[in-house]
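The values are calculated or read from the model by the stated rules, or taken from the named source; none is laboratory data. Here the structure is a predicted model, which means the values were calculated and not measured. Note that each Cβ is placed from the backbone with ideal geometry, even for glycine, and that neighbours are counted across all protein chains shown. The accessibility values were calculated without ligands, DNA or RNA, using every heavy atom of the protein model including side chains. Shrake-Rupley method; radii C 1.70, N 1.55, O 1.52, S 1.80 Å.
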Amino acid sequence: ELLFMQSEHPARRLLNALAFSCESNDGSSPQDRALLERVDELVMRVVADYNEDLAVFTLAANEIESLLQQQRSRAEVAERRAAEALHGRERLQEARDQAGESLHSAIAGRPLTREVGAFLCGAWLHHAVQVLLRDGRQSSRYVQVMALARTLVALDGAAARGVGGPVARGLVNLEDALAQCAQSSGLGPQAAEEWLAGLARAMAFPDAARVPAETPASTEDIGEDASLRLVGGTDTLEFEPTVAAIMRELAPGTWLRLVDEAGKEVSVKLAWISPLTGRRLLVDRRGLRQLVASPEQMAALS
């Protein structure tokens, strides 16, 4: 009776430690297998040594709790790395989306020579993403990046009208901006000089072919779900709005029971909430990423 009434009873502590050691532990990693093997050894020792002395429970519980604490420490490190990696990928995706929108706005559907279009959709776009990641959209550097794109589009339009002198002077004034663009790609001044020469050659002929530039389509790259089952987006997903509301209120550190691909319930922890997308990072007891999902998607799995 004391076993169930007193949480600090040695046998109760041992029982709790055994439960934590075995729950969701399928022995898939060397550390998990080692924990299960040691727990098995300690249980056998308790069975063999018990003679109404509660110390045998205390010793076994202490050792298992120590092993669990080591496991939790490793899980916290893995969990933190998973959150940092996901945040980095989301920031990169956001920067790509913003740079693509900015480029689309700068071009505004105007036809460009092949060289200008290729530069803007390649080197310039990479440069814009790097500046967004380092300095942000409101920074003076990003203003300069946008000025480079708009200036090139305007110069290409002027070249099509045969305005040679101002175009040449305008290109020379872009030398520093092109050098910064090359630096973002890890290239030296020679690359900027080659870009400048290529752009000048392309704009030297007013009748050069000009076509609408095709800006790269944005691709989302942050799903990568693991073992839990998730289908479709929230438009086609079947979920209870009340459950989704509950999921939105859950704080990091909360443990959940969700359904895996085989229909089996698994324990996952809400480790992190993205400040950019609001998605939730769910990890297992080892701190390894299991799912990245919105509250609506989590509701569909619950």
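Here are a few things to note about the model shown:
- For region 1-86: relative contact order, % (alpha-carbon pairs under 8 angstrom, 6 or more apart): 33 percent
- Label-to-label distance, nm, for residues given as D26 and E101 (7 Å Cα→Cβ offset): 4.0 nm
- Seen from A75, the other residues with C-beta closer than 9 Å to its C-beta sum to a net charge of +2, counting Lys and Arg as +1 and Asp and Glu as -1.
- Where L86, L18, L187 fall by accessible area, highest first, once all protein chains stay in place (1.4 Å): L187, L18, L86
- Portion, in percent, of the accessible area of region 97-156 that falls on carbon or sulfur, probe 1.4 Å: 52 percent
- Using a probe of 1.4 Å, the accessible surface attributed to M247 totals some 10 Å² when neighbouring protein chains are kept in position.
- Relative contact order for the chain, counting Cα pairs under 8 Å that sit 6 or more residues apart, in percent: 18 percent
- Alpha-carbon gyration tensor eigenvalues x 5, square-rooted, for the chain, Å: 61, 21, 14
- Against the chain, whose longest principal axis is taken from its Cα atoms, helix 175-184 shows a tilt of about 20°.
- Cα gyration tensor, region 255-297 - rounded (a/c under 1.5), prolate or oblate: oblate
- Neighbourhood net charge (15 Å Cβ-Cβ; Lys/Arg +1, Asp/Glu -1) for A128: +2
- Around D32: net Lys/Arg minus Asp/Glu count, Cβ-Cβ under 12 Å: +1
- Calculated FRET efficiency for the pair A19/E194, C-beta based, R₀ 45 Å, to 0.05: 0.10
- In the chain, the calculated helix contribution to ellipticity at 222 nm averages -19000 deg cm²/dmol per residue, counting -39,500 (n - 2.57) for every DSSP H run with n ≥ 4.
- From the Kirkwood radius over Cα pairs of region 36-152, Stokes-Einstein at 4 °C and 1.567 mPa s returns a whole-number translational diffusion coefficient of 68 µm²/s.
- For region 152-204, the Kirkwood estimate of the hydrodynamic radius, built from every pair of different alpha carbons, is 11.2 Å.
- For region 94-227, the spread of Cα positions along each principal axis, largest first, Å: 60, 28, 25
- Take the convex hull of the alpha carbons in region 98-177; its mean projected area over all directions comes to 5.1 nm².
- Surface analysis of the chain yields an accessible area of 56 Å² per residue, using protein heavy atoms and a 1.4 Å probe.
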